[in-house]
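> Just dropping this structure here.
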Amino acid sequence: MTTERTSTPDSLAGVELRIGGMTCASCANRIEKKLNRLDGVTASVNYATEKASVTAPHDYDPQLLIAEVEKTGYTAELPPAATDAAQAAGEERESSEDTEIRVLRQRLIGAAALSVPVIAMAMIPALQFDYWGFASLVLAAPVVVWAGWPFHRAAWANLRHGTATMDTLISVGTSAALVWSVIALFFGTAGQPGVVHPFELTISRADGLGHIYLEVGAGVITFILLGRYFEKRSKRQAGAALRALLELGAKEVSILRQGQEVRVPVDELSVGDEFVVRPGEKIATDGTIVSGTSAVDASMLTGESVPVEVSAGDAVTGATVNAGGRLVVRATRVGADTQLAQMAKMVEDAQSGKAKIQRLADRVSAVFVPVAIAIAVATLGAWLGAGFPVSAAFTATVAVLIIACPCASGWRRRPHCWSAPGAEPRWACSSRARRSWSPRAGSTPSCWTRPAPSPPGR
């Protein structure tokens, strides 16, 4: 049954939500499907930027959207509207990101320090002393349990909502490797003295209870943590570039009120107000010169290092610098309508959209986890049905989960998809649509009038 949507384009409004709790592209797909099921709502959720772009009727309550996201097991909030609130939220968010990266770095360092000897003992027979398997268990257990706790926590949350994501596959795969290794050490032959794992490139039949997979569980957790760490760093750097662009604007302005100059925050500036710009000050907003002559440094906008001569009647742009005499300017555009705000909005839209490679990965990730788990269950049933021992059947099942586990990390990390638009403020280049970043889009990013410099090293 389908619901017919009769809203016209004139009756629709755009709503942006900040999404929290997503850990992979499958999470974004779930939220997107939930929102798109609402009558009159069209949504696109981007895992990279943790934002949802929603088109809904004008009278649609955004709290209904937030409630629908929370039903899915994630958090959502509206971005702050005011500049001061946005700046405060940006500082708080930056501090939160720093804390998250610090905790992630601690987990990564601890996991790497413990995983290296585990992998070395498993791969080098000369290091496999008596009862080396138990030493590997002591080292690998904290990696799988403590360092991999974010994956297990996300997998449990997904299970409570009846879904599976990449974290589910990572948690199930590494947990299966740990549990099977414990069984093999205490109830099988892997814990007997003198047992070694030879490094061979050939395939041979062996007893499943004579092998452990601790190096796989610890190594997978460590490498996925490494990928997540680089991912978080790229996202923070992309956000910092956008914040740096917004910082170019003036913070205060001298407004003329009854012939007197009054110093107020730039937020109090309205269209039609006249304000004074002294030599060396930034022009507060877009406007037209009422009186005075000067030279304006517009290099941040055009890249031209030579100041432009201006006089009464000429248009000036906010965030450019008055390099000469005193100017009186009448504001024509303020707030989100200024050229600087539009530039920042273009960069933000480029980050929030999805490139073709992202849409392809999202489609694959939506079916990858269920298919991998289904194959593991089918493997267990097939081996048991063929008459093989239970140990052999479970060994084959664990092998499927372990092999699929690193594949999950490959489908979840695409930091270049948001770090490239994040570099736009530095290279003075803005993509009008996220699709232009796709290799097969057949177009190049559109730029402002400023010629973009060559990246370092060229």
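> What are the residue pairs meeting all of these: first residue in segment 131-148, first residue over 17 Å from Ala120 (Cβ atoms) and touching a residue at least 60 places away in the same chain (Cβ under 8 Å), second residue among the β-branched types (Val, Ile, Thr) and open to solvent by less than 50 Å² (accessible area, probe 1.4 Å), Cβ atoms under 7 Å, and 6 or more apart or on different chains?
Between residues of segment 131-148 that are over 17 Å from Ala120 (Cβ atoms) and touching a residue at least 60 places away in the same chain (Cβ under 8 Å) and residues that are among the β-branched types (Val, Ile, Thr) and open to solvent by less than 50 Å² (accessible area, probe 1.4 Å), the close pairs are Val144/Thr174; Val144/Ile221; Ala147/Ile221; Gly148/Thr174; Gly148/Ile221.
> Within the group Ala122, Ala155, which residue is within 30 Å of Lys71 (Cβ to Cβ) and either in a loop (DSSP other than H, G, I, E, B) or hydrophobic (A, V, I, L, M, F, W, C) (or both)? First the steps, then the outcome.
Details: Ala122 fails: within 30 Å of Lys71 (Cβ to Cβ).
So the residue among Ala122, Ala155 that is within 30 Å of Lys71 (Cβ to Cβ) and either in a loop (DSSP other than H, G, I, E, B) or hydrophobic (A, V, I, L, M, F, W, C) (or both) is Ala155.
> Is at least one residue of segment 253-261 in a loop (DSSP other than H, G, I, E, B) and without any contact (Cβ under 8 Å) to a residue 12 or more places away in the chain?
Looking only at segment 253-261, we keep the residues that are in a loop (DSSP other than H, G, I, E, B), and these are 258-259.
Checking which are without any contact (Cβ under 8 Å) to a residue 12 or more places away in the chain leaves us with 258-259.
The answer is yes; a qualifying residue exists.
> Same structure, new question: Kindly establish whether Ala372 is out of contact with any strand residue (DSSP E or B) (no Cβ under 6 Å at 6 or more places or on another chain), at pLDDT 85 or above and open to solvent by less than 70 Å² (accessible area, probe 1.4 Å). Please lay out each step first, then the result.
Numbers: out of contact with any strand residue (DSSP E or B) (no Cβ under 6 Å at 6 or more places or on another chain): yes; at pLDDT 85 or above: yes; open to solvent by less than 70 Å² (accessible area, probe 1.4 Å): yes.
So Ala372 fits the description; yes.
> Kindly list the number of the only condition in (1) in contact (Cβ under 8 Å) with a residue 24 or more places away in the chain; (2) part of a helix (DSSP H, G or I); (3) open to solvent by 60 Å² or more (accessible area, probe 1.4 Å) that fails for Gly110.
(3)
> Additional query: Select, from Ile170, Ile212, Ile221, the only residue that is under 18 Å from Leu114 (Cβ atoms), among the hydrophobic types (A, V, I, L, M, F, W, C), modelled with pLDDT of 85 or more and not in a helix (DSSP H, G or I).
Details: Ile170 fails: not in a helix (DSSP H, G or I); Ile221 fails: not in a helix (DSSP H, G or I).
Result of the check over Ile170, Ile212, Ile221: Ile212.
The values are calculated or read from the model by the stated rules, or taken from the named source; none is laboratory data. These numbers were taken from a predicted model, which means no experiment stands behind them. Backbone-built Cβ (ideal geometry, glycine too); neighbour counts: all protein chains shown. The accessibility values were calculated without ligands, DNA or RNA, using every heavy atom of the protein model including side chains. Shrake-Rupley method; radii C 1.70, N 1.55, O 1.52, S 1.80 Å.
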